[in-house]
């Protein structure tokens, strides 16, 4: 994935259209969390449950992103830093639970996995298209874009996992994809934290110069 810390971040989210789009994306993620978590538990899919947690995390962090629009750079960078750390913790949880499932695994229901992955992919593609115009900006705006983009990629991989489970009648493809999603979370967390730290430094410099 490309880094996000060396571009000029001018857009801070202060745009009525962007705010309406963000609200729509928040609702999409909230609904998909409920749908995918239920399906993940029902199908015994670790990958679906990991992806559902991502929908939940996005719902909460996008809500925070909406709240901090128009606030000071210092506050926005601090919130972005919290979002990056929360994504890091999510990655650690998914990796730990996936490792546990290696010893106590049940073969998932491939048909449920596949159908829900397609539905989740459609939801995330819609979110990505809505946010496409706003993919560059400060750490707060950038984090929304990165999470939505990564979710769409993750859904395709979950679909591949469903195919692997169906072909092998094994839980291993599901667990591999869950681990992959965790590494995706780690990559995004690193990018968000790096940019947030740079913006915190910028805020401190601005305050010292004022």
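The values are calculated or read from the model by the stated rules, or taken from the named source; none is laboratory data. Keep in mind it's a predicted model, so treat the numbers as computed, not measured. Positions of Cβ are generated from backbone atoms using ideal geometry, with glycine treated the same way; all protein chains shown enter the neighbour counts.
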inquiry  = Looking at the range 67-75, can you tell me whether even one residue there is at pLDDT 80 or above, buried (at least 16 other Cβ atoms within 10 Å of the Cβ), at negative phi and part of a helix (DSSP H, G or I)?
reply    = no
note = Of 79, 112, the only residue that is in contact (Cβ under 8 Å) with a residue 60 or more places away in the chain, under 17 Å from residue 161 (Cα atoms) and either touching a strand residue (DSSP E or B) at 6+ places or on another chain (Cβ under 7 Å) or crowded, with 17+ Cβ neighbours inside 10 Å (or both) is 112
key: Within the range 120-163, tally of residues that are surrounded by fewer than 18 Cβ atoms within 10 Å (Cβ to Cβ) and either outside any helix (DSSP H, G or I) or over 16 Å from the mean Cα position of the chain (by Cα) (or both)   = 5
ask   = In this structure, does residue 174 turn out to be at pLDDT 75 or above and surrounded by 20 or more Cβ atoms within 10 Å (Cβ to Cβ)?
value = yes
inquiry  = Tell me yes or no: at least one residue of the range 95-112 is part of a helix (DSSP H, G or I) and within 14 Å of the chain's Cα centre (by Cα).
reply    = no
remark   = Note on the range 91-106: residues more than 22 Å from residue 152 (Cβ to Cβ) and crowded, with 16+ Cβ neighbours inside 10 Å are 97, 101, 105
